[in-house]
Structures are given as C-alpha cells and as structure tokens.
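Here is the structure we will look at, set down as structure tokens.
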Amino acid sequence: MGRDVMASRRPRVATITVSTDEAGWLRRCFAALTGSDTEGFDLDVYLVDNASTDGGADLVAREFPGVRIIRNRVNLGFTGANNVGIRAALADGADYVFLVNPDTWSPPGLVRAMVEFAERWPEYGIIGPLQYRYDAGSAELREFNDWTSTALWLGEQHAFAGDRLDHPSPAGSPAGRAPRTLEHAYVQGAALFARAATLRAIGILDEVFHTYYEEVDLCRRARWAGWRVALLLDEGIQHHGGGGAATRSTYTRVHMRRNRYYCLLTDVDWSPVKAARLAARWLVADLRGRSVVGRIPPMTGARETVAAMRWLAGQAPTIVARRQRHRGLRAARPAVRAEVAS
C-alpha cells in the first residue's frame, strides 16, 4: 500500500554521473540536475570522472561548484566508476541513489517525482523513467528512444525474451502494484533510481560485468530479495544513447557477448538444462558472426567468441560464488517482503 509522502523527514538523494571523455554533454546534464525541484528532499550531485583527458571535470568544477567531483586515476568501466559514486553516496547518508548518464537531460520535476513515488511505495527497490530522444534545443519529451521502444514492446517478459525461449516473467503480482508502472525485466543504468536500503541488502553493481548487463543483474537481485522493480510510465528523461546493440565497436561486441553468458550462468531462476539450451543457441550464432550486436564476419565472430569462452572459463569460481549468493537472496525474500510491508 502507498504511504504519505515525505511526511516526517527529508530524504537525501544522490545523483551519480560517470563521465569518460564526455565533456560535450556535461554542461546541459548538470544544469538540469542542479536545477532540479528539490521541494521536500535534499539533493547531492556527484560527478565521477573516469580518468578523462578532455577537461570535463574541470568544466563542471568551474561552472557547477556545488557538484561533488571524484576523479578516478584509471578507467574502471561503467560498473566500477558508478560503484565509486555509490559507495561515496551511501557513506554520506543517501536514502536514494540516481544513476544518470552524461548524455541525458532531466526535467526539473523528475527526481522529485521518483522520490515521492519511492516514499509512497516502499515495496519498490529500483525504478526508472521512460527514455525519450535527446534534443539539445528542446525541453520537451517528444519521442521514445530505441531502448524504451524495445522495452515497451517486450513488456514484462524475461530479459532474454528476444531469444524466444519460454521463461516466466520476472514481474511481481498484480496485487499491490503501483498504478502506471511497467515491471520490465530491468531499468537501464542510464537512468536508474535505487533505494539505498536495497543496495545495502543486495550489494552494488557486479564489477565482473565492467559494462553491459550489470543493471539486468542488479534488478534481478532486487527482485530475488523481495523488492519490486519498475519503469514509471508517466515520467521521462531525454537520453541520446539507449540504442544498445546498435553500437558495433569491438569493445561493445566483446563485453555484450561475454556478459550475456555470465548473466545467464549466474541466474538461479534458470534450470541447468534450459540454460544450456539457450547458451548453445547463442554459441552457434556467435561463432557464425551473428552476435548480439548484429552481423560481423564469421572469422571475427569465431575469434571473439573463443576469447569470450576463455574469459568465461576463468570466471568459473566467481560464477559458483555468485550463484550461492543469489540463492541466499532468494531465500531471504519472505523476510524482506515482511519488512518493507511493515
């Protein structure tokens, strides 16, 4: 059931933006975040500069002196850099953490709307807005970007629904659901709003992923532990990215391919037989150059797939440990549900 919003205290919210040589996006992104409507809550805005060389952190320090800047000496990837910010925010007492990419523009009322929703609906551990196409000359939310269009098409199916293998939806029961929400398989990390209590219970981003699928993993862990995960259909953000598999760089191909296997093998909702069937299907396609990011030459596909399998074999002890931990989260679900309902 919903609760009165921010009736007795002021929640503390931290926005975390990771930038890796993305200075061109930062002025509009931080102007929006620092200009957010903060009625009823306190807002801390963080920039995690991920070993950039383009002067972006200096720009933010100069033009937005209230932003807390953390400078990484080396590139830690999306997961590692966001975790630096998450740890700092949690140490500073944040009640909520909003991961938001630099190539975004946040409407003035977005953060407040998510805070009010989270305060009213404590069953939700992770939420996020719908994403709209980026328009530097407009403050309107006019057209969904590719990620949102795909998310709305897939609805509440499981994360690998595009592979057409029957598997139950991760969405929670219709009973007790907040209105105007879509319990999609995950909230994309470009605009992901998480409850601090959820992060403390399930852990932060799994840095084995480095980049891609880390938010899929975070959202499923939240669900295993008893929280709901949803997109808010009435809230939106402009996001230039959001094309996902449309990017065909070697970096993207390698990480999306190997992380997809790692995500599947650490998912305790999949039986070994069903997981093996899906992995075998992926393997055949990857070796032929028909990867998750589109078609590539078969020789390239074979070479990169062999490298991914070697990497995956090296992660075997971690996969075993993750599965044990995930089973523990799922076993603790009844206690968590009772706590958030109280």
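The values are calculated or read from the model by the stated rules, or taken from the named source; none is laboratory data. Because the structure is a prediction, the values reported are computed rather than measured. Note that we place each Cβ from the backbone using ideal geometry, even for glycine, and neighbour counts take in every protein chain shown. When the accessible area is computed, the model is the full protein with side chains, heavy atoms only, and any ligands, DNA or RNA have been set aside. Shrake-Rupley method; radii C 1.70, N 1.55, O 1.52, S 1.80 Å.
Two numbers describe the Cα atoms of segment 252-342: Rg and Dmax, which are 16.4, 57 Å. For segment 179-227 versus segment 4-76, the inter-centroid distance based on Cα atoms is 20 Å. Dividing the convex hull volume of the alpha-carbon atoms in segment 182-310 by its residue count gives 120 Å³ per residue. The candidate values were [x] 31, 25, 19; [y] 45, 21, 19; [z] 37, 22, 18; the one computed from these coordinates for semi-axes √(5λ) of the Cα gyration tensor in Å carries the label [x]. Shape class for segment 74-129: oblate, because the ratio a/c of the largest to smallest gyration tensor axis (alpha-carbon atoms, square roots of eigenvalues) is 1.5 or more and b/c is at least a/b. Given +1 at the Cβ of Lys and Arg, -1 at the Cβ of Asp and Glu and no other charges, the dipole of the chain around its Cα centre is 1460 debye to the nearest 20. Per residue, the accessible area of the chain comes to 44 Å² when a 1.4 Å probe rolls over the protein heavy atoms. When the trypsin sites (Lys or Arg not before Pro) in segment 84-165 are filtered for DSSP coil states and for at most 10 other beta-carbon atoms within 10 Å of their beta-carbon, the remaining sites are Arg142, Arg164.
Once all protein chains are placed together, Tyr134 keeps about 50 Å² accessible to a 1.4 angstrom probe. Measuring only protein heavy atoms, the 1.4 Å probe finds Cys219 accessible over about 0 Å². The tail of the calculated P(r) for segment 1-117, taken as Cα-Cα distances beyond 16 Å, holds 58 percent of the pairs. GNM remark for the chain: springs join alpha carbons under 10 Å apart, and the peak mean-square fluctuation among Pro107, Pro297, Pro122 falls on Pro297. Highest mean packing first, where packing is the average number of other Cβ atoms within 10 Å per residue, the peptides 151-158, 274-281 line up as 151-158, 274-281. Expressed as a whole percent, the accessible surface of segment 1-113 that belongs to carbon and sulfur atoms is 48, based on a 1.4 Å probe. How big is D for segment 228-299, in µm² s⁻¹ as a whole number, if Stokes-Einstein is applied with the Kirkwood radius of its Cα pairs at 10 °C and 1.306 mPa s? Approximately 110 µm²/s, per Stokes-Einstein. Quick one: with all protein chains in place, what share of the accessible area of segment 183-342 is carbon or sulfur, to the nearest percent (1.4 Å probe)? Carbon plus sulfur share of accessible area: 59 percent.
When the Cα positions of Gly162, Pro107, Ala151 are compared along the charge dipole of the chain, Gly162 comes out farthest toward the positive end, with charges on each C-beta of Lys, Arg, Asp and Glu.
Placing a label point 7 Å from the Cα of Ala331 along the Cα-to-Cβ direction, the residues of segment 172-212 whose backbone N falls under 18 Å from that point are 201-203.
Restricting the GluC sites (Glu not before Pro) of segment 14-67 to loop positions (DSSP other than H, G, I, E, B) with no more than 13 neighbouring Cβ atoms within 10 Å leaves Glu39.
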